[in-house]
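The block underneath contains the structure these notes are about, expressed in structure tokens.
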Amino acid sequence: MTQKLINYSGDYADEISIDEELKKIRGCMQCGMCSAVCPSGSFTALITRKIMRKALAGVQSVLSEPDIWYCTTCFNCYERCPRTIPVTNVILRLRNMAVREGYLPDNLKNVIKNLTNTGHAVPLGGPDSKWAKLREYHKLKKIPPTVHSFPEALDELFTLLDKIKFNARIPYR
Ligand code: SF4
Ligand code: SF4
């Protein structure tokens, strides 16, 4: 029986199946090695083997469930899979699809908000923040030479996000 790959409606239908590297997912034998070596799976509900099974079966809930976001992209599974399936890349592709479908956990939406407001996923805070004071204590500039020092660089970020119509998919402002 032919195994069904992701096949959702929309312009990106069969996205995984047309990618030569990701096509290897067809060889998944559900051995569970990816789950066994997954550090995130020890602390979260992430069961990598199950994600691969759902991706193969075209179970759309794999996009709306939070599990794919628990992956830390450490590539352990990718290195150990006996069928050389690029597991991490499959998960990253599923995340891309999830965002296109409008699914993103609230905590990650907050990360996007931080990014767009400050240029950092984990912002430093102002010059009086404890991190700024800690930097000063270690004889570093209170404000590092990143977007914190060059707020105008945020315009470039907005240009990029607007180009991919990110706000329409995941409203963040
Ligand atoms: S390690 Fe590879 S073959 Fe085994 S379940 Fe995971 S993806 Fe499938
Ligand atoms: S890349 Fe993700 S799924 Fe794979 S072992 Fe690391 S955390 Fe787990």
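The values are calculated or read from the model by the stated rules, or taken from the named source; none is laboratory data. None of the values given here were measured: they were computed from a predicted structure. For neighbour counting, all protein chains shown are included, and Cβ atoms are generated from backbone atoms with ideal geometry for every residue, glycine included.
Can you tell me which residue in the range 102-156 is farthest from ILE68 (Cα to Cα), limited to those that are exposed (fewer than 12 other Cβ atoms within 10 Å of the Cβ) and of a type in the set (Asp, Glu)? Taking the candidates together, the pick is ASP128. For the range 81-96, taking the residues that are within 13 Å of ligand 2 (Cβ to nearest atom) and among the polar types (S, T, N, Q), the one that is modelled with the lowest pLDDT is identified as ASN89. Scanning the range 9-37 for residues that are part of a loop (DSSP other than H, G, I, E, B) and of a type in the set (A, V, I, L, M, F, W, C), which turns out modelled with the lowest pLDDT? Among those residues, the one meeting the criterion is ALA13. Residue count for the range 42-68 satisfying the condition of being part of a helix (DSSP H, G or I), within 10 Å of ligand 2 (Cβ to nearest atom) and out of contact with any Lys or Arg (no Cβ under 7 Å at 6 or more places or on another chain): 6. Checked against (1) under 21 Å from the mean Cα position of the chain (by Cα); (2) in a loop (DSSP other than H, G, I, E, B); (3) in the same structural domain as VAL59 (by TED's automatic domain parsing), ARG83 meets all criteria but (1). Only one entry of ASN110, ASN96, ASN89 meets the criterion of being within 16 Å of ligand 1 (Cβ to nearest atom), in a helix (DSSP H, G or I) and under 19 Å from the mean Cα position of the chain (by Cα), and that entry is ASN89.
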